[in-house]
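Some notes on the structure that comes next.
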Amino acid sequence: MLNKKASTKDSNPDEIVENLGINKGDIIGDIGAGGGYFTLEFSKKVGGNGKVYAIDTNQKSLDYISKNNTLNNIETKLVEDDEFVLPEKVDIFFLRNVFHHLQDPVEYFKNLSVYLKNEGLIVVIDYKKKGFSFVGMFGHYTSEDDIIKQLEAAGFGVLKQYDFLQDQSFIKFKRRN
């Protein structure tokens, strides 16, 4: 099942969504949308006047999201090589468990900033290194310090860090002026 509920005891998806500060009418870019759990939750939060861009490298995942787009406010974007084009600027870019896959994070976020509103946010959630585990063995993590360093080099500063996710960092960034 592609849209396996993102909820496990430690992933707190409802608390993640609540801490994003999404408003009706917002435009959100869900980068690495996967099976669409967060995309579909964002769709409800932004309502009929808002928009969610489900951005992913897997067409089957995007097809699943499209089939479950009950509010018709989701647009899917298939991407290759970390590049995509959006027809408008967004209020929030959300990346969950994607950062460690980026080849050149500084350049990626510099390019991404073209599609971010002036007061827009970038939210990065990524695994922390955790001993002998799949995450640790295969490099599916990024330290909070490295995430912050890369985003600062791309022109962003930390707005807020959250600590309620046991195995993941959760950081909101805004443009530095």
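Listing for the model above:
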| quantity | calculated |
| --- | --- |
| Rounded percent of accessible protein surface that carbon and sulfur make up, region 57-124, 1.4 Å probe | 42 percent |
| For peptides 88-100, 69-81, sequence by mean Cβ density within 10 Å, most packed first | 88-100, 69-81 |
| Charge dipole of the chain about the Cα centre (unit charges at C-beta), most positive-ward option of Val90, Gln161, Ile16 | Ile16 |
| Over the chain: helical MRE at 222 nm, DSSP H runs n ≥ 4 each giving -39500 (n - 2.57), nearest 500 | -7500 deg cm²/dmol |
| Residue-normalised accessible area of the chain, expressed per residue, 1.4 Å probe, Å² | 53 Å² |
| Region 1-100 shape via C-alpha gyration tensor axes, a/c threshold 1.5 | rounded |
| Part-to-part distance (alpha-carbon centres) for region 16-33 and region 62-128, which is given in Å | 11 Å |
| Most to least packed among 119-125, 58-64 [average Cβ atoms within 10 Å] | 119-125, 58-64 |
| For the chain, Kirkwood radius (reciprocal of mean inverse C-alpha pair distance, Å) | 16.3 Å |
| Considering only the chain, percent of DSSP beta bridges that pair antiparallel, nearest 5 | 40 percent |
| Entries of Lys67/Lys128; Lys67/Lys110; Lys51/Lys174; Lys60/Lys160 with Cα pairs more than 29 Å apart | Lys67/Lys128; Lys67/Lys110; Lys60/Lys160 |
| Over the chain, relative contact order from alpha-carbon pairs under 8 Å, at least 6 apart, % | 18 percent |
| Net dipole in debye of region 34-111 [+1 Lys, Arg Cβ; -1 Asp, Glu Cβ; about Cα centre; nearest 20] | 460 debye |
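The values are calculated or read from the model by the stated rules, or taken from the named source; none is laboratory data. Everything numeric in this text was worked out from a predicted model, so none of it was measured. Neighbour counts are summed over all protein chains in view; Cβ atoms, including those assigned to glycine, are modelled from backbone coordinates with ideal geometry. Only protein heavy atoms, including side chains, enter the accessible area calculation; ligands, DNA and RNA are left aside. Shrake-Rupley method; radii C 1.70, N 1.55, O 1.52, S 1.80 Å.
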